[in-house]
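Undergrad: Take a look at this one; I'll ask things after.
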Amino acid sequence: MYGVASDFAVLWLPWFLFTICLLPLGVWNQLVVSVLALAYALTLSCILAVLSWSRSTAWLSFSMFCGVAAVAGFCMGLYSSGLYILVCLATLLVLAGAASVGCLLPRLGCGIIGSSASVAELQGWGWEPKAVVNMGLGLGWDGWDLERLTQQPQEYPERVRHDLLKHRAYWSGEPALDYAHFLSQEHMFVSCFLAHPAAPISRFERVLVCCIVSCLIVFPVAWMGVTLHEQPLLRLCATAVLVTVPRNALKFLVLRAAATPEALRDDERARWGPKLRRLVMKHFTRRGRASVRVHSKLAEFKSLQSESQEVRLFMMVSVVTACVCYACAVGISAVANLQEELSRGFVGVLYCFVLELIFQLLIRARPDNGPKRAALFVGFFDQWWRERTEYGSLKPSGTVFPMEPTGWEFLRATIRATLIGA
């Protein structure tokens with residue numbers, strides 16, 4: 001079994017489910033948001049239980065515990081609404097408990113992460129220890145290797161940076177761990193704290209996008225609360241549209257621009273083929289050395305151009321956001337107290353947070369990735385299930401994948417590239 005220093009990389013998930021079911025009720029008294037969060041958490045718990053049924057007792061117990069944590073958070077929110085100190089204290093205590101248990105379980109020899117190893121040996125898939133080494137939380141809270149906090153994205157393997165750019169779903173082979181890793185990279189709010197250090201979008205860019213989207217939700221929702229206070233159904237529908245359509249469009253536009261520089265560098269690396277082939281051409285052939293140098297400089301120049309366009313886009317979006325917020329603030333101040341209405345408008349951010357979790361369970365899209373074509377999936381777990389045959393050690397008997405070269409084909413292509421360059 002592959003051992004890790006801490007199981008907190010996956011144990012933060014039950015705490016997360018407990019929190020999203022507790023806080024909307026306990027702090028903001030929003031029953032609808034907590035019900036949506038509870039439905040999402042129970043659905044997730046059932047999916048994890050089905051996928052972990054034949055894996056190990058540890059993973060099956062963990063899946064059930066996720067549902068129990070969500071129900072406990074919801075019930076506590078019902079009976080502690082308005083008791084802010086108690087709610088915050090319970091949240092911090094559960095977090096500390098998850099971190100402590102995560103450190104304790106591997107030392108007692110009953111860790112959760114890696115408990116699928118024996119089943120994976122029989123099935124041929126389900127545990128990828130080489131991929132786990134490059135996973136974890138962006139703040140080093142998993143306890144595996146705190147030195148990663150000082151690492152630069154360039155210090156990680158090219159494969160890791162490429163897969164983060166292409167939104168890979170299948171990493172460790174263990175569904176709960178891969179989903180926790182997915183949330184830490186893809187959720188707009190969670191990724192601000194837990195994104196991988198080698199992710200193509202920096203933490204500063206993620207925080208900036210989160211602030212822009214939050215402002216475009218809070219101020220318009222507060223304004224609609226003033227103008228549509230006599231039409232609650234229309235206000236609810238308008239809020240639902242506002243926290244989904246503009247958010248998704250803006251998030252897609254800005255995050256795509258933020259990831260473009262790394263995408264250009266990744267395309268340039270892919271154009272030259274595998275890393276070994278690039279090294280051979282760069283160090284052992286005169287023509288290849290010159291070509292690699294020229295194309296690297298060209299890719300770097302294009303990346304700098306893309307970064308300047310990204311800065312201009314952020315500035316333009318920031319100006320538009322400031323204008324929208326100012327107009328809404330003026331409209332609210334004319335008829336009501338601005339601070340009170342903005343505090344009520346914050347409910348839109350809660351809806352945004354929970355609805356994004358639900359949408360990620362229902363629909364997912366993957367960009368084109370060489371032999372792995374662009375595709376649309378029925379949520380994260382559909383993508384994870386299909387990528388079993390594209391990553392890792394799963395090789396169905398009697399099946400040959402034409403898009404993946406054999407060792408002999410790779411060696412022949414390398415020798416041919418060397419001879420052509422010489």
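Undergrad: Please work out which one of (1) touching a Ser or Thr at 6+ places or on another chain (Cβ under 6 Å); (2) at pLDDT 95 or above; (3) surrounded by fewer than 18 Cβ atoms within 10 Å (Cβ to Cβ) is the condition ALA39 fails and give its number.
TA: With respect to (1) touching a Ser or Thr at 6+ places or on another chain (Cβ under 6 Å); (2) at pLDDT 95 or above; (3) surrounded by fewer than 18 Cβ atoms within 10 Å (Cβ to Cβ), ALA39 is out only on (1).
Undergrad: Further question on the same structure: Which condition does SER80 not pass, out of (1) out of contact with any Cys (no Cβ under 9 Å at 6 or more places or on another chain); (2) buried (at least 19 other Cβ atoms within 10 Å of the Cβ); (3) among the hydroxyl-bearing types (Ser, Thr, Tyr), if it passes all the others?
TA: Answer for SER80: the failing condition is (2).
Undergrad: Examine the range 99-111 for a residue that is in a helix (DSSP H, G or I) and within 23 Å of the chain's Cα centre (by Cα), and state whether such a residue exists.
TA: Within the range 99-111 (the criterion being in a helix (DSSP H, G or I) and within 23 Å of the chain's Cα centre (by Cα)), the answer is yes, since at least one residue qualifies.
Undergrad: For the range 185-201, check the following and say yes or no: at least one residue is among the small types (Gly, Ala, Ser), assigned to a helix (DSSP H, G or I) and at pLDDT 85 or above.
TA: For the range 185-201, residues among the small types (Gly, Ala, Ser), assigned to a helix (DSSP H, G or I) and at pLDDT 85 or above: present.
Residue-by-condition table, conditions (1) touching a Ser or Thr at 6+ places or on another chain (Cβ under 8 Å); (2) in a loop (DSSP other than H, G, I, E, B); (3) crowded, with 16+ Cβ neighbours inside 10 Å; (4) at pLDDT below 90:
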position	(1), (2), (3), (4)
ILE332	no, no, yes, no
GLN339	no, no, no, no
VAL349	yes, no, yes, no
GLN360	no, no, yes, no
ASP382	no, no, yes, no
SER393	no, yes, no, yes
MET403	no, yes, no, yes
LEU411	no, no, no, yes
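Undergrad: If you don't mind, there's one more thing I want to ask. Is it true that SER56 is farther than 28 Å from LEU236 by Cβ, free of Cβ contacts under 8 Å to residues at least 24 places away in the same chain and more than 22 Å from the chain's Cα centre (by Cα)?
TA: no
Condition check ((1) touching a helix residue (DSSP H, G or I) at 6+ places or on another chain (Cβ under 9 Å); (2) farther than 27 Å from CYS352 by Cβ; (3) aliphatic (A, V, I, L, M)) across all residues:
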position: LEU13; (1), (2), (3): yes, no, yes
position: THR43; (1), (2), (3): yes, no, no
position: LEU48; (1), (2), (3): yes, no, yes
position: GLY82; (1), (2), (3): yes, no, no
position: GLY109; (1), (2), (3): no, yes, no
position: SER115; (1), (2), (3): yes, yes, no
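The values are calculated or read from the model by the stated rules, or taken from the named source; none is laboratory data. Remember, predicted model here, so these are calculated numbers, not experimental data. Virtual Cβ from ideal backbone geometry, glycine too; neighbours counted across all protein chains shown.
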